[in-house]
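**Student:** One structure, as structure tokens, below. Some questions next.
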Amino acid sequence: MSDQSNLALEQASTEAATLREQLNHHNYSYYSLDAPQISDGQYDQLLRRLETLEKLFPVLCSADSPTQRVGSAPLALFESVQHAVPMLSLANAFDDDELRDFERRLQTRLDDDSAITFVCEPKLDGVAVSLLYHDGVLVQGATRGDGFQGENITANVRTIKSIPLKLQGQGFPPVLEVRGEIYLPRAGFEAINAQALARGEKPFVNPRNAAAGSLRQLDSRITATRPLEMCAYSLGLAEGGNLPATHLATMSCLKAWGFLTNSLMEAVVGIEACVVYYQRLAELRPGLAYDIDGIVYKVDSFTLQETLGFVARAPRWAIARKFPAEEASTRLLDVEFQVGRTGAITPVARLEPVFVGGVTVSNATLHNEDEVQRLGLRLGDQVVVRRAGDVIPQIARVLPRLDDSLNAIANNQLKDIVFPIICPACGSELQRSEDQAVLRCTGGLVCGAQRKEAIKHFASRKALDIDGLGDKIIDQLVDAELIDTVADLFTLRVEQLSELERMASKSASNLVAAIATSRQTTLPRLLFGLGIREVGETTAKLLATHFGSLQKLQEADAETLLAVPDVGPVVAAFVEQFFSNHHHLSIIANLREAGVEWPDIQALDTQTLPLAGQVWVLTGTLASMSRGQAKAQLEALGAKVTGSVSAKTTCLVAGESAGSKLTKARSLEVKVLDEAELLVLLQGTA
Ligand code: IVH
């Protein structure tokens, strides 16, 4: 490099460093201090100047640069991340008395009746995240997952402006894991839904779904367009450095280091003050800029937290007081019977539209016949509809029938709900599930409803993610006999699509283009999209990473399948059945022929894990962890964990009051470990 260009680089490097510092500082003023010092326009100007410099001198670009928030090239799948400190959940209190019981339990355990200092904070309704900083630089972002293992979403979290890429100030531990909630403020939710509607796409149901969906994007450039925020609420791993002795003081440090913390957080003394805080927040709740679903109370002192410790998956020193699920009353107009992808018939209540929990509800699931009977429901009844957080609206109960409705029954105006005896879509015979709870159509792919659902599933976000191929279009395509199977989607032409109702030729060509793009997919997405019974997104991923290719999975027998974590005899049988069906094999062949590609992936070499090939069983109560935690840890080491002892069992872990499994293991001379021995093993192999 010439002296001249060296000089230019040097100057650019100094300027870029100054710009980064300025941008980080303004980001901090905006998010942590809520006190912006410059306008958005001025901020953008600084950012653009930095972008120009980094484009001219690519060596200047670093992962922690504020320019890196636009997202990067899509990933094939999220890698999994083991949490160094498990991400726990919280116990719940549903009324004031349960909250008082909580304080009493603490006092008993601490053997001290003095009032306890609690930190009260809103329970944000979003997605939990763990952020890892090395020497103040963000190196990893991960989801909670099952609490022990999450997904690596670093590229996505980098796009969120309230997450510092580099910590401000000093005094942070060299290794620091910050935990908090990623959420979509209500205004941001309205905005992205308005955009979705303008593009003719389906809007998100609520801010939490929208936040979760945005984080699940393999393409972080999409995440970058969603106005997500992150509010810090605790620490995970911290190594080196000095941290304060209380939760509240730690939160102040996090704020000083550049995080957004909740401005309504408050320390109070004694549980009665917690009750008052709850009432105050319940009043403030409708006017907040974001959704909350309760209040979290935490013992402020870390010394007390340590003394109190944990039970199962939750700390003893914290509790969530949930807001009650929202309810409203309305009238049951009708019950329709939907045929699902696997033929299951679900009764769906059609309701007089009613506003509850932030959305207008006009349908509610009734699950099955038992549920209808349990509720004692009749057509025309006045019912209470409940909508809690994310779940599908439900009918909570039937309101007492007044005299005139009793007359209505007598006059046959309130009608019984009659279940179909043949499939409402194709007329095939119905069959009851083994436990009698579910009615299922036996028509298989003869049934138009099942075919439609199979194609909807294949096109859905977590499967092939075909943009713009909505449910209504699929219904029309199947009804018009333009498509029969998922493979036929790839043969559709613009002229055919333009003939559908409400389909302009521009949308038709966009859709053909979107279908073409979806040809490049991944093995986990394809496996999920095929709709094998009981194979959800997680199992699909596990199968994909275990076998690495569709070919290997197709060739696997039940025994090989059983070696995959999460796969039991039921799933193994469904997978085997699926691939032994000629119709399914020809669909797969047609997909290949149509140019759909799902590259092989590096099969996880489970053979090299320390417990590879071993079968473990857990029994009795463990004091230091739940059975679920122990199972997850053993599986992470390559073991298969099953429920019953047989000659194939390698080892039984017997906790407190182990019973018949222990006796059986002894009689079969299966190796038995107690909890202490298990802990030694887990520590030794971690
Ligand atoms: S503390 C061990 N604080 O609630 C402490 N959690 O069941 C664990 N959440 O999914 C969490 N707001 O993501 C804590 N201010 C808050 C919170 C909060 C929301 C979520 C959290 C987790 C769930 C806990």
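**Student:** For Val81, enumerate residues with amide H under 5 Å from its amide H, sequence gap 5+ or separate chain, H modeled in the peptide plane.
**Tutor:** Under 5 Å from the amide H of Val81: Gly150, Glu151, Asn152.
**Student:** Straight-line reach from Lys631: which lysines have a Cα under 28 Å away, not including same-chain ones fewer than 8 places off?
**Tutor:** Cross-link targets: Lys462, Lys541, Lys552, Lys640, Lys648, Lys661, Lys664, Lys671.
**Student:** How much length is gained on full extension from Asn242 to Val418, taking 0.36 nm per residue of separation minus their Cα-Cα distance?
**Tutor:** 56.6 nm
**Student:** Go through the cysteines of the chain and tell me which have no other cysteine Cβ under 4.7 Å away.
**Tutor:** Result for the chain is Cys61, Cys120, Cys231, Cys253, Cys274, Cys651, no neighbouring Cys Cβ within the cutoff.
**Student:** I'd like the GluC sites (Glu not before Pro) in segment 165-272 restricted to DSSP loop residues with at most 16 other Cβ atoms within 10 Å, sorted by number. Could the numbers behind the result be given before it?
**Tutor:** Values: sites: Glu177, Glu181, Glu190, Glu201, Glu229, Glu239, Glu266, Glu272; in loops: Glu201.
Passing both the DSSP loop test and the Cβ count: Glu201.
**Student:** Pick out, from Val438, Gly71, Ile392, the residue whose Cα sits farthest towards the positive end of the charge dipole of the chain, with +1 on the Cβ of Lys and Arg and -1 on the Cβ of Asp and Glu.
**Tutor:** Positive-end residue among those listed: Val438.
**Student:** Ok, one more. May I ask for log10 I(q)/I(0) of the chain at q = 0.06 Å⁻¹, from a Debye sum over the Cα atoms as equal point scatterers with solvent left out?
**Tutor:** Each listed q maps to, in turn, -0.44.
**Student:** Moving on to the next point. Quick one: if the Förster radius is 60 Å, what FRET efficiency do Gln42 and Val398 give, using the C-beta to C-beta distance and rounding to 0.05? Walk me through the intermediate numbers first.
**Tutor:** Details: r = 60 Å, r/R0 = 1.00.
With R0 = 60 Å, the Cβ-Cβ based efficiency is 0.50.
**Student:** Moving on to the next point. Is the C-alpha gyration tensor of segment 117-188 telling us rounded, prolate or oblate? Criteria: a/c under 1.5 is rounded; beyond that, a/b larger than b/c is prolate, otherwise oblate.
**Tutor:** Working: a/c = 1.37, a/b = 1.20, b/c = 1.14.
Because its axes are fairly even, with a/c under 1.5, segment 117-188 counts as rounded.
**Student:** May I pose another question? Using 1/(1 + (r/R0)^6) with R0 = 56 angstrom and r between the beta carbons of Ser433 and Ala513, what's the FRET efficiency to the nearest 0.05? It would help to have the intermediate numbers written out before the result.
**Tutor:** Values: r = 41 Å, r/R0 = 0.74.
Efficiency, rounded to the nearest 0.05: 0.85.
**Student:** Which aspartates and glutamates does Lys506 reach when only Cα atoms under 16 Å apart count, and residues fewer than 8 places away in its own chain are ignored?
**Tutor:** Glu201, Asp467, Glu495
**Student:** Give me the one-decimal nm value for the distance between modelled label points at Ala573 and Arg350, 7 Å along each residue's Cα-to-Cβ direction.
**Tutor:** Placing both labels 7 Å along Cα→Cβ, they lie 3.8 nm apart.
**Student:** Please identify the GluC sites (Glu not before Pro) of segment 422-470 that satisfy two criteria: DSSP loop assignment and at most 16 other Cβ atoms within 10 Å. Which are they? Write down the numbers at each step before the final one.
**Tutor:** Details: sites: Glu429, Glu434, Glu453; in loops: Glu434.
Filter output for segment 422-470: Glu434.
**Student:** Continuing with this model, one more query. I'd like to compare 633-642, 661-670, 40-49: which one has the highest average count of other Cβ atoms within 10 Å, and what's the full order after that?
**Tutor:** Working: 633-642: 20.2, 661-670: 15.4, 40-49: 13.2.
Per-residue mean Cβ counts within 10 Å order the peptides as 633-642, 661-670, 40-49.
**Student:** Take the Cα pairs of segment 268-310, get the Kirkwood Rh, then feed it into Stokes-Einstein at 4 °C and 1.567 mPa s and tell me D in µm²/s.
**Tutor:** For these conditions, the coefficient is 106 µm²/s.
**Student:** Take the alpha carbon atoms of segment 467-602, find their radius of gyration, then divide it by 2.2 N^0.38 Å using N residues; give the quotient. Mind showing how you got there, number by number?
**Tutor:** On the way: Rg = 16.7 Å, N = 136, 2.2 N^0.38 = 14.2 Å.
Rounded to two decimals, the normalised Rg is 1.17.
**Student:** Note down the nm distance, to one decimal, between modelled labels 7 Å out along Cα→Cβ at Gln554 and at Asp334.
**Tutor:** Between Gln554 and Asp334, the label points sit 4.4 nm apart.
**Student:** Same structure, new question: In whole Hz, what ³J(HN,Hα) sequence does segment 166-179 give by Karplus (6.51, -1.76, 1.60; θ = phi - 60°), x for Gly and Pro?
**Tutor:** 9, 6, 8, x, 10, x, 7, x, x, 10, 9, 10, 10, 10
**Student:** How much length is gained if the chain between Ala623 and Gln11 is pulled fully straight, taking 0.36 nm per residue apart and subtracting their Cα-Cα distance, in nm to one decimal? Walk me through the numbers before you get to the answer.
**Tutor:** Working: separation 612, 0.36 × 612 = 220.32 nm, distance 6.10 nm.
Extra length from Ala623 to Gln11 when fully extended: 214.2 nm.
**Student:** If you don't mind, there's one more thing I want to ask. Kirkwood Rh, segment 192-243, all Cα pairs: how many Å?
**Tutor:** So the Kirkwood estimate lands at 13.5 Å.
**Student:** Let me ask something else about it. State the percentage of accessible surface on the chain attributable to carbon and sulfur atoms; use a 1.4 Å probe and exclude ligands, DNA and RNA. Each step should come with its number before you reach the end.
**Tutor:** Numbers: 17300 of 34080 Å².
Carbon with sulfur: 51 percent of the solvent-accessible area.
**Student:** Would you list, by chain and number, the aspartates and glutamates whose Cα falls below 16 Å from the Cα of Lys123, excluding same-chain residues fewer than 8 positions away?
**Tutor:** Asp95, Glu181, Glu229, Glu266, Glu283, Asp291, Asp293, Asp390
**Student:** Using the Cα centre of the chain as the reference point, and only Cβ charges (+1 on K/R, -1 on D/E), how large is the resulting charge dipole? Debye, rounded to the nearest 20. Working shown, then result.
**Tutor:** Numbers: 65 positive and 84 negative charges, 72 e Å.
The calculated dipole for the chain is roughly 340 debye.
**Student:** Sticking with this one: With r as the distance between the Cβ atoms of Ala191 and Val494 and R0 = 35 Å, compute the FRET efficiency 1/(1 + (r/R0)^6) and round to 0.05.
**Tutor:** Values: r = 32 Å, r/R0 = 0.91.
According to the calculation, E is roughly 0.65.
**Student:** Same structure, new question: May I ask you to give the solvent-accessible area per residue for the chain, in square angstrom, as obtained with a 1.4 angstrom probe?
**Tutor:** On the way: 34080 Å² over 686 residues.
Ligands and nucleic acids excluded, the result is 50 Å² per residue.
The values are calculated or read from the model by the stated rules, or taken from the named source; none is laboratory data. These numbers come from a predicted model, not from an experiment. Positions of Cβ are backbone-derived with ideal geometry, glycine not excepted, and every protein chain shown enters the neighbour counts. Accessible surface areas use protein heavy atoms only, side chains included; no ligands, DNA or RNA. Shrake-Rupley method; radii C 1.70, N 1.55, O 1.52, S 1.80 Å.
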